[in-house]
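The values are calculated or read from the model by the stated rules, or taken from the named source; none is laboratory data. Only a predicted model underlies this, so the values are computations on that prediction, with no experimental measurement involved. As a convention, Cβ positions derive from the backbone with ideal geometry for all residues, glycine included, and neighbour counts pool all protein chains shown. Heavy atoms of the whole protein, side chains included, go into the accessibility calculation; ligands, DNA and RNA do not. Shrake-Rupley method; radii C 1.70, N 1.55, O 1.52, S 1.80 Å.
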Amino acid sequence: MQRYLIRRLLSLLGTLLGVTILIFLLVHLIPGDPVQYLLGEHPTDEAIAALNAQLGLDRPWYVQYASFVGKLLQGDLGTSYITGYTVWQEIVERFPITFQLALYSVILATVIGIVVGVISAVKQNTWVDRLVVFFSLIGISAPGFWIALFLIWIFAYKLPIFPISGYDGFFSLILPSITLAMGEAGLIARMTRSSMLDVIKQDYMRTAQAKGAPHLWMILRHGLQNAVIPVITLIGLEFGALLAGAIVTETVFSLQGLGSLAIESIGKRDLPTIQGLVFFVAFLFAITNLIVDLLYSWFDPRIKYE
Amino acid sequence: MKKRRLSSLTTIGLSLSLLLAACSSTTNTSAPNTSGTTTNAPAAAQPAATEGGTLVVAAPVEPDTFDPQKSTWLDNTNNQPYDSILSRDMQGKLVPHLAESWQVSEDGKVWTLVMRKDVKFQSGAPLTAESVKTSIERFAAVSPNKDLAGPIDKIEAVDAQTVKVYFKEPFAPFANMLVGTFLAPFDPERLKEKGDKFGEAPLATGPFMNPEVKRGASVTYAKNPDYKWALPFAENQGAPYVDKITFRFLKDDDTRILEFKKGTINILQEVPSTYVQELQAIPGAKIEKSMEQGMKYLGFNNQKEIFKDVRIKQAIAMAIDRDPIVQVALSGFAQPIFGPLPPTIPGYSEKIENMAKDMYGHNVEKGKQLLAEAGYTDTNGDGIADKDGKPLSFELLLPEDPALQRVAQIVQSQLKEIGVEAKIAVHDIATLKDKAIKGNHELFLLYFGLNDPDILYLLMQTDNSKRVHYSNPKVDELLAKGRTTMNEEERMKVYEEAQEILVKDPPWVPLYVAESVTATRNIEGYKLNPFTGDIPFGDIRITK
């Protein structure tokens, strides 16, 4: 286990190094630069040159890259050109909303997805099953902004229960969480269903049935526990992805999470914020994956890491 | 999954919205103007207006900072704590504000500003000449826009009320710098204390103070209870009627509209023209139209060999019919324009406008004829004029703005009629500017705005022309002269002369002046000064 962990952590470092190269390339290959934004519409050539020098953008690319990685190693994500706050401050300010949103929607999606998935597997080829498949397809394929506007229209405008937009505590995150959970629940339900269908056909399920185990107990204890591994992988991946910020949902509901920060900083070509933010998100994603992998052995003792 | 996220990050780069488009349209105050108000004429009497309460405004652009000297973008959302030194009345005439009088020396090099005696900072300290001096000096040192203030040599506080600004050479556009809040006096104590971080806790003389910022979401100001030096065109010269004002930064149009319909917003700025009818029908709602202080144009990259032949540019200008652009693409919320300056910028000349209209009225036949004279005819019957096997085909660049995209489609079909092919390419504004600066462009749709004819210098003077890459020594000479001519009348004559050349040797095709639409609900006293972009929020009362 320990050796496995060390191996994984080392490969994590490699991944993150790769990520820094990718981010750096991406950010420097997109046309447009922060100096044009910072100096407004009509800068003089001298002003452009002076600001480039001040921001260090006139240095060769490898020097800029080295300085980016060097700062990262000291835990410094950089400082925004636009706001003057450190990227870390920007993230700390925005992360709570994104984290809550990701957490609520994943919990909601997991509960709905697993329950619905199990029912549909058990009732395979009945109308219940077809209904579940149909609705999960809708959940997966309906665009986020459409679900969001639909929910706002009904539950915030026609029935003024929730606020339309803006962050004002848990209550204001309910509609956005449902919006995000719809798609995720669809995915989880489908994964649970197919995984359960595999398990139900296994010999030990027949054995359990023959031994006279209660039906529900059998489904949950013998079935679900064995079927849950791929579902956990999926949930982990989805949670990791949600931590990057839900750009469309945040925009429609006017929530100031990481997604809206990403949009803003890209629009303004705020290089340090884009770089720092993408790195932070990649880091979270990698860590979430690692935790999920470690969780496997807890859910399924047959999985052991050496 | 990671791939999905990354690709969505890059698409955002492309799907940058209106917001940034709006950002780049002006360097000074975003400056629409009230040209008319339409009401749904409620039959019932207006409910009684009350004092107090919180006024809620939905604004499209969140300011980067509340320090006007660190920002390239000032509008009503971030200039509330500040007052300008001069202003303009509703007719555009220069009038006093924090300065009770001003004077320019014979040689145009020295500006003397005499400040009002009764003005106090929000801290209670009196406004002094010294604090005006300090603020202007700071602007000239740290602002990304410092060049807009001109060649300032030194500043002197002569006595407690009088400030003298010395220039190395005369600089007429300085008047317009004084009209905006770029040069607003800051509270000297707070400035000393916060220094570079002044924008985090600004303190000045304005009608609202102590911004409470929720970044990414909103800013709320409290009224300045001691205020009694409001803008000269404001009805209420004293403290604002409302207790607080909140600007909410809502980016999604559907969300903004629904919030307004729900009644959670009093003032909805930048209403898309497609929603106007719907909002007008709401009881207690009014639609306020205001002409923007700039214009949208079809630009040429004048450095391209093909555009060095003026006939090609003139032919393209004649292919454009502005009526369908205004009526169809903009639902009528715009005015066609032919000359280089719109009516909302000083220096606009009817004579020039008529001349341009005569020269470049919609005329497909004349356009084709000019192309033929330049050697371009459709030899292979594909509908596109060509010469030596090279077709007249251009890339038409534009930012991601829904209205401009509709305009582009109409322009594309109109150009086709004279045999010019335009391939539409939509980019986010940062990419577009990058291409324009580097000269990697042919045709493009963009806009400009500033409250002074000096905008022509910034757009057309050889060294500054970074969009259309225009160069004409005579124009350079006139535009430089316009900067140093202090007599208003003479100065406008200089610009008329320059504009005449810009019409005959066109660097672009002016298209239209857009009307920016604002919806208000349950308030009274809304007004917008077309020449400064200021809304005196102190005048507004909430009626419900």
Problem - All positions within segment A:270-306 that are free of Cβ contacts under 8 Å to residues at least 40 places away in the same chain and open to solvent by less than 30 Å² (accessible area, probe 1.4 Å) - result: A:VAL281
Completion exercise
Flagged in segment B:510-529 as in contact with a Gly (Cβ under 8 Å, 6 or more places away or on another chain) and farther than 19 Å from B:PRO343 by Cβ, in numbering order, are B:ARG521, B:ASN522
Practice task
Starting from residues that are under 29 Å from the mean Cα position of the chain (by Cα) and among the charged types (D, E, K, R), keep the ones in segment B:146-161 and report whichever is nearest to B:SER71 (Cα to Cα).
Solution key: B:LYS146
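Each row is one residue, and each column tells you yes or no for (1) touching a Leu at 6+ places or on another chain (Cβ under 6 Å); (2) at pLDDT 95 or above; (3) assigned by TED's automatic domain parsing to the domain that holds B:ILE316; (4) at positive phi.
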position: B:ASP463; (1), (2), (3), (4): no, no, yes, no
position: B:ASP476; (1), (2), (3), (4): no, yes, yes, no
position: B:LEU479; (1), (2), (3), (4): yes, yes, yes, no
position: B:THR484; (1), (2), (3), (4): no, no, yes, no
position: B:GLN499; (1), (2), (3), (4): no, yes, yes, no
position: B:VAL503; (1), (2), (3), (4): no, yes, yes, no
position: B:PRO510; (1), (2), (3), (4): no, yes, yes, no
position: B:GLY533; (1), (2), (3), (4): no, no, no, yes
position: B:PHE537; (1), (2), (3), (4): no, yes, no, no
Practice task
Among the residues of segment A:139-156, write down those that are away from chain B (no Cβ under 13 Å) and exposed (fewer than 13 other Cβ atoms within 10 Å of the Cβ).
Solution key: A:SER141
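Test B:PHE260 against the stated conditions and say whether it is modelled with pLDDT of 95 or more, open to solvent by less than 10 Å² (accessible area, probe 1.4 Å) and farther than 30 Å from B:SER393 by Cβ. Even if it seems obvious, please write down each step before you answer.
Values: modelled with pLDDT of 95 or more: yes; open to solvent by less than 10 Å² (accessible area, probe 1.4 Å): yes; farther than 30 Å from B:SER393 by Cβ: yes.
The answer is yes for B:PHE260.
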Completion exercise
Sole miss for B:VAL56 among (1) at pLDDT 95 or above; (2) not in a strand (DSSP E or B) is condition (2)
Practice task
Residues that are among the aliphatic types (A, V, I, L, M) and over 25 Å from B:ASP107 (Cβ atoms): find the strands (runs of 3 or more DSSP E) completely inside segment B:122-239 holding 2 or more of those.
Solution key: B:208-214, B:218-223
Completion exercise
Of A:THR86, A:THR79, A:THR98, A:THR110, the only residue that is within 14 Å of chain B (Cβ to nearest Cβ) and crowded, with 20+ Cβ neighbours inside 10 Å is A:THR98
Practice task
Among the helices (runs of 4 or more DSSP H) lying completely within segment A:143-247, list those that include at least 2 residues that are in contact (Cβ under 8 Å) with a residue 24 or more places away in the chain.
Solution key: A:144-152, A:174-200, A:225-242
Exercise for the section: May I ask you to list the residues in segment B:222-251 that are within 14 Å of chain A (Cβ to nearest Cβ) and within 14 Å of B:GLY53 (Cβ to Cβ)? Expected result: B:THR246
Practice task
For A:VAL118, state whether it is touching a Ser or Thr at 6+ places or on another chain (Cβ under 7 Å), assigned by TED's automatic domain parsing to the domain that holds A:THR192 and touching a residue at least 24 places away in the same chain (Cβ under 8 Å).
Solution key: yes
Handout entry: segment A:22-51: number of residues that are more than 10 Å from chain B (Cβ to nearest Cβ) and under 19 Å from B:GLN69 (Cα atoms)
Key = 1
Handout entry: Condition check for B:LEU127: within 25 Å of B:ASN487 (Cβ to Cβ) and open to solvent by less than 60 Å² (accessible area, probe 1.4 Å)
Key = no
Completion exercise
Within segment B:404-424, the count of residues that are over 24 Å from the mean Cα position of the chain (by Cα), open to solvent by 10 Å² or more (accessible area, probe 1.4 Å), over 22 Å from B:GLY339 (Cα atoms) and in contact (Cβ under 8 Å) with a residue 12 or more places away in the chain comes to 6
Problem - Condition met for A:LEU159 (more than 21 Å from the chain's Cα centre (by Cα), open to solvent by 70 Å² or more (accessible area, probe 1.4 Å), at pLDDT 90 or above and not β-branched (Val, Ile, Thr)) - result: yes
Problem - Residue selected from segment B:434-443 under the condition within 14 Å of another protein chain (Cβ to nearest Cβ) and closer than 22 Å to B:LEU502 by Cβ, by the criterion most open to solvent (accessible area, probe 1.4 Å) - result: B:ILE437
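Could you identify the single residue in B:GLU200, B:GLU189 that is in contact (Cβ under 8 Å) with a residue 60 or more places away in the chain and either closer than 30 Å to B:PRO530 by Cα or within 14 Å of another protein chain (Cβ to nearest Cβ) (or both)? Walk me through how you get there before you give the answer.
Numbers: B:GLU189 fails: either closer than 30 Å to B:PRO530 by Cα or within 14 Å of another protein chain (Cβ to nearest Cβ) (or both).
B:GLU200 is the lone residue from the list that is in contact (Cβ under 8 Å) with a residue 60 or more places away in the chain and either closer than 30 Å to B:PRO530 by Cα or within 14 Å of another protein chain (Cβ to nearest Cβ) (or both).
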Problem - Selection status of B:PRO399, in contact (Cβ under 8 Å) with a residue 60 or more places away in the chain and more than 19 Å from B:PRO506 (Cα to Cα) - result: yes
Handout entry: Subset of segment A:254-302 (residues that are facing chain B (nearest Cβ under 9 Å), part of a loop (DSSP other than H, G, I, E, B) and more than 16 Å from A:ALA241 (Cα to Cα))
Key = A:SER254, A:LEU255, A:GLN256, A:LYS268, A:ARG269
Practice task
Output the residues belonging to segment A:164-191 that are over 20 Å from the mean Cα position of the chain (by Cα) and surrounded by 21 or more Cβ atoms within 10 Å (Cβ to Cβ).
Solution key: A:ILE164, A:SER165
Practice task
Identify all residues within segment B:226-251 that are open to solvent by 30 Å² or more (accessible area, probe 1.4 Å) and within 13 Å of B:ALA58 (Cβ to Cβ); write none if there are none.
Solution key: B:ARG248, B:LYS251
Exercise for the section: Evaluate segment A:246-267: report whether one residue or more is among the aromatic types (Phe, Trp, Tyr) and under 22 Å from B:ASP252 (Cβ atoms). Expected result: yes
Exercise for the section: Please specify each residue of segment A:11-55 satisfying the condition of being aliphatic (A, V, I, L, M), open to solvent by less than 30 Å² (accessible area, probe 1.4 Å) and either assigned by TED's automatic domain parsing to the domain that holds A:LYS268 or in a helix (DSSP H, G or I) (or both). Expected result: A:LEU12, A:LEU16, A:VAL19, A:ILE23, A:VAL27, A:VAL35, A:ALA47, A:LEU51
